[in-house]
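What follows is a single structure, written as structure tokens, with notes after it.
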Amino acid sequence: MKKPCLLLYIFSLLFLQPILAQQPQKPTSSDIYNQIEKLNFLGSVLYVAAHPDDENTKLISYLSNETKARTGYLSLTRGDGGQNLIGTELRELLGVLRTQELLAARRIDGGEQFFTRANDFGYSKEPLETFEIWNKDAILNDVILTIRRFKPDVIINRFNHQTPGTTHGHHTASAILSFEAFDKANDPAIYPEHLKTVSIWQPKRLFFNTSWWFYGSEENFKKADKTNLVAINTGVYYPLKGKSNGEIAALSRSQHQCQGFGSTGTRGNETEYLEFLKGDFPKDKNNIFEGINTTWTRVKGGETIGKILTDIQKNFNFKNPEVHLTKLIEAYKLINQLEDEHWKKIKKQELENIIIATCGLYLESAASLQNTNPNGEISLKLEATNRCSEPIEIISVDFLNTVLTEDVKLENNVPFKIEKQIKIPENVPFSSPYWLNEKGTLGLFSVTDMNMIGKSETDPLKLHWKIRLCDVTLDIYKNLVYKFNDPVKGEMYKPFAVLPEVTTEILNKVELFPNNRKHIVTVKVRAGKDNCKGDVIFDLPADWKVWPKKIAFEIPQKGGEKTVTFEVTPPSYPTEAVAKSIAVIDGARFNKRLATIDYSHIPLQQVLMPSEAKFNKIEIETRGTNIGYIMGAGDEIPESLRQMDYNVTLLSPEKITSENIKDFDAILIGIRAYNTVEALKFKQNTLFDYVKNGGTMIVQYNTAGKLVTNDIAPFDLKLSQDRVTEETAKVTFLNPKHPVLNFPNKITEKDFECWIQEQGLYYPNKWAKEFTPILSSHDKNETPKDGGLLVAKYGNGHYIYTGLSFFRELPEGVPGAFRLMANLIAVGE
């Protein structure tokens, strides 16, 4: 996690190119000045909400960059239950992607990022349901632990704890937990195990970040009593950055790319409102820190430090910041003597980085390889350049308890470079997201180490540079990175990773067995080292037959891959099994697959997950052969359809003609296609003609707003916010004799068992008489929702609209979802 004093520099790089967290920091004089301003402010604020992208980046940016407060965002979840507009990552991998998008956002707006162990299990309408699945006590534990560690003077909730049922249940739950934690964090009887590493803490005040939206309209908000509200003008301009706060906030929010939150910057006055909930109400309603001592006099022995830093701030030399080095060193010595361990640790780290920046001291620790495995050897390249007039000495550079170099005097502007071979110890853990290391529950990730709870990501390997400057010793920790030169992009950096010697992957995550014939199952083996050889074992329950029992592999080069195939014969009866692929090298077993997440706006992510697949022996019949599929926001349904033995062709809307689609047995439209695929609005008549001439068109869910065309169906159809979030909700058949419930498979209530996360979303709530509603269901204490599956005859063909969550159920191998989809495709037979 980046320290606040570094973040202000980093976001300036974003105005020029996409940032990667591994890129060396090269602060300008303006960056150093901003860091000194922040160093001279001793106040903290914690913003609390439920998901990535819930946070108000305008307020976070303002508090960090204008107020200069240490500003944190606590997102209770990592957003695992959302959708993905830029790729096919869902569930755990989506959570990893959204975690990194949050970190990218914080590098821009200057905040720090924290999480709880809450697993985003999907949409929830009521906080009581949320707490049942999350385990309220566990998440409250994590919220209080974060407060005790961060010690915020002010807490700001994004949502209203008093209005359950009016928004996402996770949203309200986050506010309820924050409201409870405000007082409980100061009670030593609450989670006393925390007190081994942190102390109790009482924040001064709690707010709810309200707006006109929570009042129903801008007109209602204008009329509302604002006695209890604090108003903050966040529309400030930062001359040293050349950006308004609104522009910085937009850049931050635009990092949430997988959720489609690209934002345009704003300029000019903008007011944020905070509703007071608990603590001391500020007398100055424009200053949330009013009455809170945020100067250095806050800590015993801090007054002199404050005077030194204030003098530097008033007389800062932008042309030559080095002139302040002597005073900065003086302040550093005084900080080292502080009794207040909390502020001592924070401000010491901030000042160390300011001193390094003031000296123009460049330190880099780069590996020759992007990854290796435990016991693997790498070449480390160290570089240090002193660009100030003061002599600097490298006392030592230490990596994993190995001293790489020591006693090096750095002359002015003369680079020191050295290369060392080093072996990675056998006990170094793999570089994979820590919260996925153990199997959790539907609502809670399994993290047993209290020191890891709340962290954004797994700690990278670091090199410890011990530096002597003037008469003080600085301890600088630099992430080990992989550095290389791209012929087009030039100097590039990626995270360094420790990975297993070998990984395997079952290529089909779901394998359907609609009859008793054997399947050829393919397993990919990837070498994590040179001369990688061993055996692959395919593990299934005893009633499944696998041949051969093991297959030898030999891969000469690291990164090389080989595929092997097994013959699998299912039992004669319907059943489900988890298949596992395991590589064995010299008796050691490796049971992980390697998933890579590679987008330009985040650092490369390499995620280790169990190498497993779901095998289903199911009773299913299909009709038709050729399916056309138009991708929307990204899903894995085409592969699921291939598992059903359909020939699937991905169609580009721009190239659709009446002639080249006429022979498809059905055309499926991917999720949110009418929200994201602009070209579709020009092809509706062509698609409707296909239906009129006897084709079947199946449209999956779209959100109610921002459609590329309102004519998504040949008849009137109005989308809504209606959804059924309880995957176990009872399903009633409104038209039990309709073909989609009877041919070629007889659909029963049993086919809606084992659904995951949600039954469906964004159902239509109004439709033309030509549509026949097929199903009805509803969440607890709600009215029936009949729009989940609508079928209309149009000409000689059929148009189907469904909000059912096939995009979740099919990739998870839910048998009933496959059977129902087969019937939808066969409706014209």
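Shape descriptor for the range 409-466: Rg over Rh equals 1.19 (Cα atoms; Rh from the Kirkwood inverse mean 1/r).
Sorted from longest to shortest, the spans of the Cα atoms of the range 367-522 along the three principal axes equal 79, 42, 29 Å. Loop-located trypsin sites (Lys or Arg not before Pro) in the range 525-591 (DSSP state not H, G, I, E or B) with no more than 10 neighbouring Cβ atoms inside 10 Å: Lys549. PRE reach from Leu442 (point 7 Å along Cα→Cβ): which of the range 739-774 fall under 16 Å by backbone N? Counting backbone N atoms under 16 Å from the label point, the list is 752-760.
Phi-derived couplings, Karplus 6.51 cos²θ - 1.76 cosθ + 1.60 at θ = phi - 60°, listed residue by residue for the range 112-123: 10, 10, 9, 9, 9, 8, 4, 9, 6, 7, x, 5 Hz, with x used for Gly and Pro.
Could you tell me whether the range 502-617 comes out rounded, prolate or oblate from its Cα gyration tensor? Rule is a ≥ b ≥ c as square roots of the eigenvalues, rounded for a/c under 1.5, then prolate if a/b exceeds b/c, otherwise oblate.
Details: a/c = 2.50, a/b = 1.48, b/c = 1.69.
Note, shape of the range 502-617 comes out oblate.
Taking amide H as placed 1.01 Å from N in the peptide plane, Ser244 has its amide H under 5 Å from the amide H of Tyr238, each at least 5 places away in sequence or on another chain.
Cα centroid separation, the range 393-420 to the range 64-79: 36 Å. Would you kindly calculate the translational diffusion coefficient of the range 626-825, applying Stokes-Einstein with the Kirkwood radius from alpha carbon pairs, for 20 °C and a viscosity of 1.002 mPa s, and quote it in µm² s⁻¹ without decimals? The estimated diffusion coefficient comes to 128 µm²/s.
Arrange the following residues from fewest to most other Cβ atoms within 10 Å of their Cβ: Glu193, Glu554. Please report the intermediate quantities before stating the final value.
Numbers: Glu193 9, Glu554 12.
Least crowded to most crowded, the residues run Glu193, Glu554.
A full extension of the chain between Lys780 and Lys417 corresponds to an added length of 124.0 nm, given 0.36 nm per residue minus the alpha carbon distance. Looking at the range 43-293, the DSSP beta bridges with both ends there are about 40 percent antiparallel. Taken as Cα centroids, the range 452-490 and the range 336-359 sit 17 Å apart, rounded to the nearest whole angstrom.
The separation of the range 541-607 from the range 729-743, counted between C-alpha centres, amounts to 39 Å.
How high is the FRET efficiency between Lys706 and Leu369 when r is their beta carbon distance and R₀ equals 41 Å, given to the nearest 0.05? Walk me through the intermediate numbers first.
Numbers: r = 45 Å, r/R0 = 1.09.
Once the sixth-power term is evaluated, E becomes 0.40.
Label-to-label distance for Asn647 and Thr264 is 4.7 nm, based on points extended 7 Å past Cα in the beta-carbon direction. In this structure, the residue pairs whose Cα-Cα separation is over 26 Å, taken from Lys509/Lys662; Lys509/Lys692; Lys420/Lys483; Lys125/Lys730; Lys347/Lys417, are Lys509/Lys662; Lys509/Lys692; Lys347/Lys417.
Here's how it looks for Leu444: its modeled amide H is under 5 Å from those of Asn119, which are all 5 or more places away or on a different chain.
Apply the a/c threshold of 1.5 to the C-alpha gyration tensor of the range 317-398 and tell me whether it is rounded, prolate or oblate. Taking the square roots of the gyration eigenvalues as a ≥ b ≥ c, the range 317-398 is oblate. Taking 0.36 nm per residue of separation and subtracting the current Cα-Cα distance, fully stretching the chain between Thr596 and Glu290 would add 105.4 nm.
Could you check what % of the DSSP bridge pairs in the range 359-497 are antiparallel, to the nearest 5?
Details: 41 of 45 bridges.
So the antiparallel bridges amount to about 90 percent of the total.
Dividing the summed helix terms, -39500 (n - 2.57) for each DSSP H run of n ≥ 4, by the number of residues in the chain produces a 222 nm estimate of -6500 deg cm²/dmol to the nearest 500. Rg and Dmax over the alpha-carbon atoms of the chain stand at 29.3, 88 Å. Taking 0.692 mPa s as the viscosity and 37 °C as the temperature, the Stokes-Einstein diffusion coefficient of the range 43-293 based on its alpha-carbon Kirkwood radius rounds to 178 µm²/s.
Kirkwood hydrodynamic radius of the range 232-355, from the reciprocal of the average inverse Cα-Cα distance over all distinct pairs: 18.0 Å. If the chain linking Tyr237 and Ser29 were pulled fully straight, counting 0.36 nm for each residue of separation and taking away their Cα-Cα distance, it would gain 73.0 nm. Each DSSP beta bridge with both residues in the range 590-747 is either parallel or antiparallel, and the antiparallel ones are about 35%. For Cys470 and Glu561, what is the calculated FRET efficiency with R₀ set at 45 Å and r taken between the beta-carbons, to the nearest 0.05? E(calc), rounded to 0.05, equals 0.25.
Span-like helix check, the chain: qualifying full DSSP H segments, with Cα axial length of 20 Å or more and mean Kyte-Doolittle of -0.5 or more, are 91-109, 136-150, 169-184.
Below 16 Å, Cα to Cα, which aspartates and glutamates can Lys423 reach? Residues fewer than 8 away in the same chain don't count. Hits, sequence-local ones excluded: Glu377, Asp398, Glu501, Asp530.
Read-outs: derived from the displayed coordinates by stated rules, not from any lab. Remember, it's a predicted structure, so these values are computed and weren't measured experimentally. Heads up, the Cβs are rebuilt from the backbone with ideal geometry, glycines too, and the neighbour counts pull from every protein chain shown.
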